[in-house]
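Before any comments, here is the structure.
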Amino acid sequence: MSRFVSIAEARGADGLRMACIRRIPSPWQEAAKGIFHAKGLDCLYAAQTDGDVEEAIADWAGDSSFPVVAYRKEKLRTGWVEILLLAERLAPEPALIPADAGQRAWMFGLAHEICGEMGIGWCMRLLMLKAGMDHSEGVALPPEPTAKLAAKYGFNPTHVARAEDRVVAVLGVLAEVLGDAEYFIGGGLSALDIYWATMANLITPLDADRLPMSRFMRGVYASKNERVLAAMTPALAAHQTRVYERHLELPVPM
Ligand SMILES: N[C@@H](CCC(=O)N[C@@H](CS)C(=O)NCC(=O)O)C(=O)O
């Protein structure tokens, strides 16, 4: 991937397109990019430009979340499962979804614990918003967008109170499933590996050479939560870099 076009150009194009945010490694977006890259799928990447209408992604998809994936005239896809299923259909090889039904159920269950509501990404976002609001980790988030994200992504007392335990528990499961293997399932790359590698940037972002972002964003992303950092085992950290080095584009195109 070498360039981003405008949202307007992506809307008018055919084939596979993805609306993104630039300069922030939003994990759901990076997972989708990673899946397309691993499969060698040719995708037109787009982001808001000066020539676009304001809030061009929302204008297109009815919501400001990214990524938004378009393929031909099919319905727009924004959820991580539907994006993966589309990619698997367009490029069956390398398969990123296990053919075996039991393994498939296992993979999607674990992937939900990473990408779904109250999964690792969701919970890390809640913790990030909390720290950004009470300045407890030395990072102050700008109030207006923070309030918008909080309202949109389940910042309620019950879930905020559970978020840290959730992340620690799921990291424990992932560490156990991985053991000393190179991949989570079946000895080779699956979507689960890509989900983990990209979502792990919300805890320990790849270094600045491989994942360029502003010092401020890096400060927001890098977790300071001691329990979470302790649950990020050396094997999980090594898996994150291994998957990027072997299967994803580096430096990450931002
Ligand atoms: N829709 C995705 C999740 C995408 C998502 O949560 N995107 C966030 C990343 S922080 C976003 O775009 N936030 C900005 C906004 O909603 O305006 C899924 O459920 O698979």
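Do we find that residue 121 is under 15 Å from the mean Cα position of the chain (by Cα), within 16 Å of the ligand (Cβ to nearest atom), at pLDDT 95 or above and at negative phi in this structure?
In short, yes.
Somewhere in segment 79-86, is a residue outside the structural domain of residue 197 (by TED's automatic domain parsing), in contact with a Cys (Cβ under 7 Å, 6 or more places away or on another chain) and either crowded, with 19+ Cβ neighbours inside 10 Å or not polar (S, T, N, Q) (or both)? So that I can check it myself, show each step before the final result.
If we filter segment 79-86 for residues that are outside the structural domain of residue 197 (by TED's automatic domain parsing), which is where we start, we get 79-86.
Adding the requirement that they be in contact with a Cys (Cβ under 7 Å, 6 or more places away or on another chain) leaves 80.
Still in the list and also either crowded, with 19+ Cβ neighbours inside 10 Å or not polar (S, T, N, Q) (or both): 80.
Yes, because at least one residue in segment 79-86 is outside the structural domain of residue 197 (by TED's automatic domain parsing), in contact with a Cys (Cβ under 7 Å, 6 or more places away or on another chain) and either crowded, with 19+ Cβ neighbours inside 10 Å or not polar (S, T, N, Q) (or both).
Going by what's in this entry, would residue 124 be described as closer than 24 Å to residue 250 by Cβ and in a helix (DSSP H, G or I)?
Yes, satisfied.
Among the candidates 35, 57, 21, single out the residue that is farther than 20 Å from residue 198 by Cα, within 13 Å of the ligand (Cβ to nearest atom) and outside the structural domain of residue 210 (by TED's automatic domain parsing).
Values: 35 fails: farther than 20 Å from residue 198 by Cα; 21 fails: farther than 20 Å from residue 198 by Cα.
Going through 35, 57, 21 in turn, the sole match is 57.
Do we have residue 111 as in contact with a Leu (Cβ under 9 Å, 6 or more places away or on another chain), in the same structural domain as residue 173 (by TED's automatic domain parsing), of a type in the set (A, V, I, L, M, F, W, C) and within 17 Å of residue 32 (Cα to Cα) here? If you could, list the steps in order and put the result at the bottom.
Working: in contact with a Leu (Cβ under 9 Å, 6 or more places away or on another chain): yes; in the same structural domain as residue 173 (by TED's automatic domain parsing): yes; of a type in the set (A, V, I, L, M, F, W, C): yes; within 17 Å of residue 32 (Cα to Cα): yes.
So residue 111 passes the test.
Given 158, 204, which one is β-branched (Val, Ile, Thr), at pLDDT 95 or above and over 17 Å from residue 121 (Cβ atoms)? Steps first, please.
Details: 204 fails: over 17 Å from residue 121 (Cβ atoms).
Exactly one residue qualifies, and that residue is 158.
Filter the helices (runs of 4 or more DSSP H) completely within segment 132-200 down to those with at least 1 residues that are within 16 Å of the ligand (Cβ to nearest atom) and without any contact (Cβ under 8 Å) to a residue 24 or more places away in the chain.
143-152
The values are calculated or read from the model by the stated rules, or taken from the named source; none is laboratory data. Keep in mind it's a predicted model, so treat the numbers as computed, not measured. Glycine gets a Cβ as well: all are built from the backbone with ideal geometry, and neighbour counts include every protein chain shown.
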